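Peer 1: Questions regarding the structure given below will be posed in turn.
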Amino acid sequence: MLLENDHQIYDNWIMQVILSTMAEGVLVIDRNSYIIRVNRAAENIFMQRQNVLLYRQLQDTTANQDITRLVNEVLNKGKEIFQEIMMIPTRQLYRVHGAPIKNSYGIVQGAVVIFYDVTEIRDFAQVRSEFVGNVSHELRTPLTSIKGFVETLLDGAMENSAICRRFLTIIDDESERLSRLIDDLLTLSSLETNEKISRLKPVCIAKSMRNVMNILGPQISEKKLQVEFIYSRSLPYIKADEDLLGQVLINLLDNAIKYTPPNGKIVIRSKRDESRVMTTFTDTGMGIPEESLTRVFERFYRVDKARSRRHGGTGLGLSIVKHIVESHGGEVFVNSEFGKGSTFGVGFLVV
Ligand SMILES: Nc1ncnc2c1ncn2[C@@H]1O[C@H](COP(=O)(O)OP(=O)(O)OP(=O)(O)O)[C@@H](O)[C@H]1O
Ligand SMILES: [Mg+2]
């Protein structure tokens, strides 16, 4: 049987174990603002080594006024308080819960302060609201243009058949762009919900590439581009979802065509590189400025918005490529010399 003293030691030990395994930071503070208990998570939040915080007054351990103010209020008013507090310099955001510890007469003896990390939630909310903002903007642009042309037509421009035809062509192009945008958004969202690609099978990348070259044949001839596809006969099969692979190759070749001036050259190479088949698209196009290289795979990012729009681009093509390739366990890369050309590459795992 455990003696009372043993009970206390045991309870203390259990308390330590619980505190040390908690992901939330915990501080226990006495009524004079001295820290009398602290767990590892809280030491990390305050960026202090083990036991450095213990038995020091809270205001001497942090320059964060919000925390000291919250604790003072809990101690002075005996109230429970919830507040979001940002730690500097880490910019981690915490939902902080301060609760008074009262004795049996209801007199405040101290406070317990718990820190819940809500940084990810904040970042996620930010990304989502930026995304919604971008989508709304992208949808509004063609809609505004369609509405403008329809109003001008109704105001009388309809009577002139040449103008009427020109405006209707623009309306047709803009509706086309709207529908492409919605298709791209649906692709992205279905990629995001089915994190794992389920229809993986051995695929011959050379066959898929030839297919894609056929589909984009008219655009290639229209711009009088020279397109070469170089690959070895012994190229192994890759593990891929054939439709999604097709989409990756189409998006990359489509960009190479769109961003290369007439009479330019595009070279596509597929070769084995250890456990992967790397496929690169090298064009003699306009290239990408250095500062944009890391951003071209972001949703809606375009180096030159006006130019991309003229080509009917949504700015989602490369983010779809990145998403598909990464969900296949592969990787994407880009190299470019501004004004000379670009090389985009994708690697897929060999079967
Ligand atoms: N081969 C390339 N040469 C030069 N710039 C490129 C090339 N490929 C992509 N870019 C730049 O990267 C941006 C993003 O490309 P992405 O494919 O995501 O969008 P987009 O081509 O504008 O639109 P979409 O693919 O929906 O038609 C483009 O707007 C363009 O500025
Ligand atoms: Mg594109």
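The values are calculated or read from the model by the stated rules, or taken from the named source; none is laboratory data. Here the structure is a predicted model, which means the values were calculated and not measured. Positions of Cβ are generated from backbone atoms using ideal geometry, with glycine treated the same way; all protein chains shown enter the neighbour counts.
Peer 1: In segment 305-316, is there at least one residue being in contact with a helix residue (DSSP H, G or I) (Cβ under 6 Å, 6 or more places away or on another chain), farther than 18 Å from residue 243 by Cα and surrounded by fewer than 20 Cβ atoms within 10 Å (Cβ to Cβ)?
Peer 2: There is at least one residue in segment 305-316 that is in contact with a helix residue (DSSP H, G or I) (Cβ under 6 Å, 6 or more places away or on another chain), farther than 18 Å from residue 243 by Cα and surrounded by fewer than 20 Cβ atoms within 10 Å (Cβ to Cβ).
Peer 1: Out of 254, 273, 241, 283, I need the residue that is charged (D, E, K, R) and crowded, with 21+ Cβ neighbours inside 10 Å. Which one?
Peer 2: Sole residue among the options that is charged (D, E, K, R) and crowded, with 21+ Cβ neighbours inside 10 Å: 283.
Peer 1: Right, next: Show the residue pairs that are 6+ apart or on different chains and have beta-carbon atoms under 9 Å apart, the first residue being within segment 216-234 and farther than 20 Å from residue 277 by Cα, the second being acidic (Asp, Glu) and in a strand (DSSP E or B).
Peer 2: 225/283
Peer 1: Scan segment 1-39 residue by residue and report those that are closer than 25 Å to residue 60 by Cβ and among the β-branched types (Val, Ile, Thr).
Peer 2: 26, 28, 29, 35, 36, 38
Peer 1: Same structure, new question: Answer with yes or no whether residue 348 is within 23 Å of residue 210 (Cα to Cα), crowded, with 20+ Cβ neighbours inside 10 Å, more than 16 Å from ligand 2 (Cβ to nearest atom) and modelled with pLDDT of 95 or more.
Peer 2: Answer is yes for this residue.
Peer 1: Of all the helices (runs of 4 or more DSSP H) wholly in segment 239-330, which have at least 1 residues that are modelled with pLDDT of 95 or more and within 13 Å of ligand 1 (Cβ to nearest atom)?
Peer 2: Passing ranges, in order: 242-258, 317-327.
Peer 1: Please go through segment 127-149 and pick out each residue that is farther than 17 Å from residue 310 by Cβ and touching a residue at least 40 places away in the same chain (Cβ under 8 Å).
Peer 2: Matches in segment 127-149: 131, 134, 135, 139.
Peer 1: Answer yes or no: is there a residue in segment 231-246 that is of a type in the set (Val, Ile, Thr) and closer than 26 Å to residue 338 by Cα.
Peer 2: No.
Peer 1: Can I ask one more? Within segment 283-311, count every residue that is closer than 24 Å to residue 210 by Cα and within 16 Å of ligand 2 (Cβ to nearest atom).
Peer 2: 3
Peer 1: A further question follows. I'd like the full set of residues that are within 25 Å of residue 173 (Cα to Cα) and in contact with a strand residue (DSSP E or B) (Cβ under 7 Å, 6 or more places away or on another chain), limited to segment 311-343.
Peer 2: Across segment 311-343, the qualifying residue is only 321.
Peer 1: Ok, one more. For segment 152-204, how many residues are within 18 Å of residue 313 (Cα to Cα) and either of a type in the set (Asp, Glu) or touching a Phe, Trp or Tyr at 6+ places or on another chain (Cβ under 6 Å) (or both)?
Peer 2: Here the count works out to 8.
Peer 1: Right, here's the next one. Does residue 237 qualify as being among the hydroxyl-bearing types (Ser, Thr, Tyr) and touching a Ser or Thr at 6+ places or on another chain (Cβ under 9 Å)?
Peer 2: Here the answer is no, as residue 237 does not meet what is asked.
Peer 1: Suppose we filter 308, 275 for residues that are of a type outside the set (D, E, K, R) and more than 29 Å from residue 169 (Cβ to Cβ); which single one remains?
Peer 2: 275
Peer 1: Right, another one. I'd like to verify a number: residues in segment 35-72 that are acidic (Asp, Glu) and surrounded by fewer than 17 Cβ atoms within 10 Å (Cβ to Cβ), how many?
Peer 2: Selection size over segment 35-72: 2.
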